[in-house]
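Have a look at the structure below, then the notes.
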Amino acid sequence: MQENKNALKVAVVAVLTAVVVVFTMMVRIPTAKGYLNLCDVAICFIAFTFGPWSAFIAAGLGTALADLISGYAQWAPISFIVHGVEGLLVALIVRQKGDETISAIKKIAAGIVCVTTVSMGYFILSAIFISGFSVAAAEIPGNIAQSGVGVVLGLAVATAVKRAYPPVRTLAW
């Protein structure tokens with residue numbers, strides 16, 4: 001029985017990875033070095049709903065694959081690290097035991113960590129490996145907006161899904 005449950009979790013993570021790819025590629029707003037997108041909506045939904053390992057894998061692989069498919073291969077390793085860590089940290093902060101609800105403090109902390117991880121992660125890694133500090137600094141406001149919107153909408157979707165289909169909590173990993 002446990003093997004079937006693990007196989008189901010692996011399948012769910014594969015589907016969630018594809019969801020992240022779609023959200024990353026669906027809406028793309030060009031910037032000086034790349035593009036802004038809706039990946040953080042999917043990542044935060046996954047983190048709030050499916051747990052730290054699902055969020056880490058789906059967020060990291062999904063955004064890296066979207067970069068590769070979109071012709072931004074130089075960003076794939078950075079996206080994998082930044083968004084993977086984002087999903088992992090947000091999920092660890094809001095981790096639930098049983099049917100407990102996520103407190104407002106945890107939601108705010110998760111939002112702050114999400115925005116900080118994305119904006120500072122891209123700033124530091126792109127400044128070192130891609131563009132230099134001045135160009136990387138120009139991208140910070142867009143990354144703050146992208147991840148801030150992602151937290152709010154991702155939380156809304158997670159809340160709606162958990163309310164409509166409570167057994168989804170059993171798929172957390």
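The values are calculated or read from the model by the stated rules, or taken from the named source; none is laboratory data. Computed from a predicted structure; not experimentally measured. Every residue, glycine among them, receives a Cβ derived from its backbone with ideal geometry; neighbour counts consider all protein chains shown.
Tabulated results
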item: Subset of the range 125-140 that is within 16 Å of V115 (Cα to Cα) and hydrophobic (A, V, I, L, M, F, W, C) - its residue that is surrounded by the most Cβ atoms within 10 Å (Cβ to Cβ); result: A136
item: Lone unmet requirement of (1) at pLDDT 95 or above; (2) more than 22 Å from E139 (Cβ to Cβ); (3) aliphatic (A, V, I, L, M); (4) surrounded by fewer than 23 Cβ atoms within 10 Å (Cβ to Cβ) for L65; result: (2)
item: Answer residue from the range 27-59, given it is aliphatic (A, V, I, L, M) and at pLDDT below 95 and is surrounded by the most Cβ atoms within 10 Å (Cβ to Cβ) among those; result: L36
item: Residue check for K162: in a helix (DSSP H, G or I), modelled with pLDDT of 95 or more and out of contact with any Gly (no Cβ under 8 Å at 6 or more places or on another chain); result: no
item: Set V149, V85: member being surrounded by 17 or more Cβ atoms within 10 Å (Cβ to Cβ) and β-branched (V, I, T); result: V85
item: The one condition in (1) surrounded by fewer than 20 Cβ atoms within 10 Å (Cβ to Cβ); (2) more than 23 Å from S54 (Cβ to Cβ) that T116 fails to fulfil; result: (2)
item: Residues of the range 73-104 that turn out to be modelled with pLDDT under 95 and among the hydroxyl-bearing types (S, T, Y), as a count; result: 2
